[in-house]
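Visitor: Before I ask anything, here is the structure I am working with.
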Amino acid sequence: MRAIASVHDKSGLATFAKGLEGLGAEIFSTGGTQRALVEAGVKVTGISSLTGFPEIMDGRVKTLHPKVFGGILARRDTPAHLSQLEDNSIGLVDIVVVNLYPFRQTVSKEGSTMEEALENIDIGGPSLIRAAAKNHPYVLVVVDPTDYDTVLEALQAGEVGLDVRRHLAWKAFQHTATYDSFISRYLAEEEFPPTTTLPLKKVLDLRYGENPHQRAAFYEEEQFRPGLSLATMDKLAGKELSYNNLLDIDGAIGAAIDFQDTAVVVVKHTNPCGLATNPNLTEAYRRALAGDPVAAFGGVVAFNRPVDLATAEEMIKTHYDIVIAPEYAPDALSHIQSKVSSIVLAVPSMNLPGQGWELRRVRGGVLAQSTDVFLESESSPEVRTKRKPSPQELTDLRFGWQVVKHIKSNAIVLVKDGAVMGMGAGQPSRVASVEIAVKKAGEKARGSVAASDAFFPFPDGVEAACQAGVTAIIQPGGSVRDKDAVEMADKYGAAMVFTGVRHFRH
């Protein structure tokens, strides 16, 4: 039995190599891997002794040789292959142990250069892996140190089954595919290149999908640099997560982190039904809950600040399926864990920026878009009515504009004093969303301001809001009937401002 080992990640390698040595394997290696094995007391032969050719070009060329690849690719059930090996004095290779240069880690470092990136593109490694995986019925390919024990146990038992070999081959091709996807994305010059591959890594199997009869899993999109990711969540209490849980968690975190001030958001079915800001976290929570205390039951509550005991004591008075915060004071966490059965999540990466595209699967393909962010111009919306908003109205309009971005269209939100009074979402008609928001707010609609994620196609929505007591409205504008909407606001003495930017969430 002969093996070739050439790895960047050397964890567990010495033990594995000693196990192979104990089975009588002859081990060939290269560069740093050879030195590490020698230091560990493993008998190892340099690859040059196998090829009869020295490593050249600073190690760029060392394994790319017929005496290596012939030994790997020869089919043991094909006499012509074996005859050609004998004619050319090439020995069989039975095991290939390889993992690749740290391309992703290299380019993730601040200040990394193109030269460093190119030097960390592995050539011989992927070639060895692919050759061994292609011929996996006869050659074992091991790219993951966590497989070392499984392979050794199978070899010691006397036979490695085809199911194990196939699994290792799948893992090998996925290893090189992920590696190449990082290189491709690094070198891409366009925001949306003509073709692309996304490296996805399964984080966990979920309890079920949108419905209990559907299976589901959560895959993390691997990135060059750390960013806000649900994969970094730490589950501190509660049952396993489901598909819907993760959708709600994503919606709650997305809304909470959009605010620089201390903020609390209550989410139901991915829509914020309550959201408030206040310097005092407990007060922010109370005001967020007041937005729709009925809908809050069984929902998700997210804090963009660490949760203290006072807030925890207030929060447990309402049942939430999920509680989210960057962290928890020890006494607050103990109190929550002892009083409720909620899923409790700490998301330390909440202060990091998100990365990558927003993706949505459709039949036959995937839609990709850049992240919806606020533009600087939106902070100074254009007044279009006779009356200008008061300073307090303008503050609330800006707050409402931040909130409505996270509500499913057609989205209408009523806010007052930095808190949501009522919202309408996901209706085919915008006036219907206004009517729902007004009904949810009740008497709290009077003196509130309204935010609309897209323009009013007709003035009826504006009239419904004004009749409920809304005093100011923020919207993007852009309708052929903008003039009618402005005139309707003027009729009721309401202020109306246009942002010129839409935040539609389909």
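Only the coordinates and a few stated rules stand behind these numbers; no lab work does. Bear in mind that the values here come from a model prediction, so they are computed numbers and not experimental data. FYI the Cβ positions are ideal-geometry reconstructions off the backbone, even for glycines, and counts take in every protein chain you see.
Visitor: Highest mean first, how do 132-142, 374-384 rank when packing is the count of other Cβ atoms within 10 Å averaged over residues?
Guide: Descending mean neighbour count gives 132-142, 374-384.
Visitor: Next question, about the same structure. Could you estimate the translational diffusion coefficient of region 382-498 from the Stokes-Einstein equation, with Rh from the Kirkwood formula over C-alpha pairs, at 20 °C and 1.002 mPa s, in whole µm²/s?
Guide: It diffuses with D of about 163 µm²/s by this estimate.
Visitor: Still on this structure, please answer the following. Which of ALA310, GLY124, LEU85 sits closest to the plus end of the dipole of the chain, meaning its Cα is farthest towards the positive end, when Lys and Arg get +1 and Asp and Glu get -1 on the C-beta?
Guide: Highest projection toward the positive end goes to ALA310.
Visitor: Between 0 and 90 degrees, rounded to the nearest ten: what's the tilt of helix 162-187 against the longest Cα principal axis of the chain?
Guide: Helix 162-187 and the main axis of the chain meet at about 60 degrees.
Visitor: Looking at this model, which pairs from LYS317/LYS444; LYS10/LYS171; LYS339/LYS416; LYS202/LYS239 are more than 28 angstrom apart at the alpha-carbon?
Guide: LYS339/LYS416
Visitor: A follow-up question, please. Using only Cα atoms, find the angle between the long axis of helix 13-22 and the longest principal axis of the chain, and express it within 0 to 90 degrees, rounded to the nearest 10.
Guide: On a 0 to 90 degree scale, this one is about 30.
Visitor: Taking only DSSP H segments of four or more residues, each worth -39500 (n - 2.57), what value at 222 nm results for the chain once the sum is divided by all its residues, to the nearest 500 deg cm²/dmol?
Guide: Estimated from H runs of four or more residues: -11000 deg cm²/dmol.
Visitor: If neighbour count is taken as other Cβ atoms inside 10 Å, put ILE72, ILE407 in order from fewest to most.
Guide: ILE72, ILE407
Visitor: Under a Cβ-only charge scheme (Lys and Arg +1, Asp and Glu -1), can you give me the dipole magnitude of the chain about the Cα centre, in debye to the nearest 20?
Guide: With only Lys, Arg, Asp and Glu charged at Cβ, the dipole is about 960 debye.
Visitor: In degrees between 0 and 90, to the nearest 10, how far off the longest principal axis of the chain does helix 124-134 point, with axes built from Cα atoms?
Guide: Helix 124-134 sits at roughly 80 degrees to that axis.
Visitor: If you take every DSSP beta bridge whose two residues both sit in the chain, what share of them, in percent to the nearest 5, is antiparallel?
Guide: If I count the DSSP bridges inside the chain, around 55 percent turn out antiparallel.
Visitor: Let's see if you can work this out: charge +1 on each Lys and Arg Cβ, -1 on each Asp and Glu Cβ, no other charges. What is the dipole magnitude of region 232-350 about its Cα centre, in debye to the nearest 20?
Guide: 220 debye
Visitor: If packing is taken as the average number of other Cβ atoms within 10 Å across a peptide's residues, how do 442-454, 414-426, 342-354 rank, most packed first?
Guide: Descending mean neighbour count gives 414-426, 442-454, 342-354.
Visitor: Then there's this: At 20 °C and 1.002 mPa s, grab the translational diffusion coefficient of region 232-350 from Stokes-Einstein with a Kirkwood Rh over Cα pairs, rounded to a whole number in µm² per second.
Guide: Rounded, D is 158 µm²/s.
Visitor: Same structure, new question: Placing +1 on the Cβ of each Lys and Arg and -1 on the Cβ of each Asp and Glu in the chain, which of VAL497, GLN156, VAL98 has its Cα farthest towards the positive end of the resulting dipole?
Guide: With unit charges placed on the Cβ atoms, the residue in question is VAL497.
Visitor: Right, something else. Any idea what the dipole of region 382-498 comes to, in debye rounded to 20, about its Cα centre with Lys/Arg Cβ at +1 and Asp/Glu Cβ at -1?
Guide: Taking the Cα centre of region 382-498 as origin, the dipole is about 140 debye.
Visitor: Once the dipole of the chain is set up with Lys and Arg at +1 and Asp and Glu at -1 on Cβ about the Cα centre, which of ILE183, ILE436, LEU200 lies farthest towards its positive end?
Guide: About the Cα centre, the residue reaching furthest to the positive side is ILE436.
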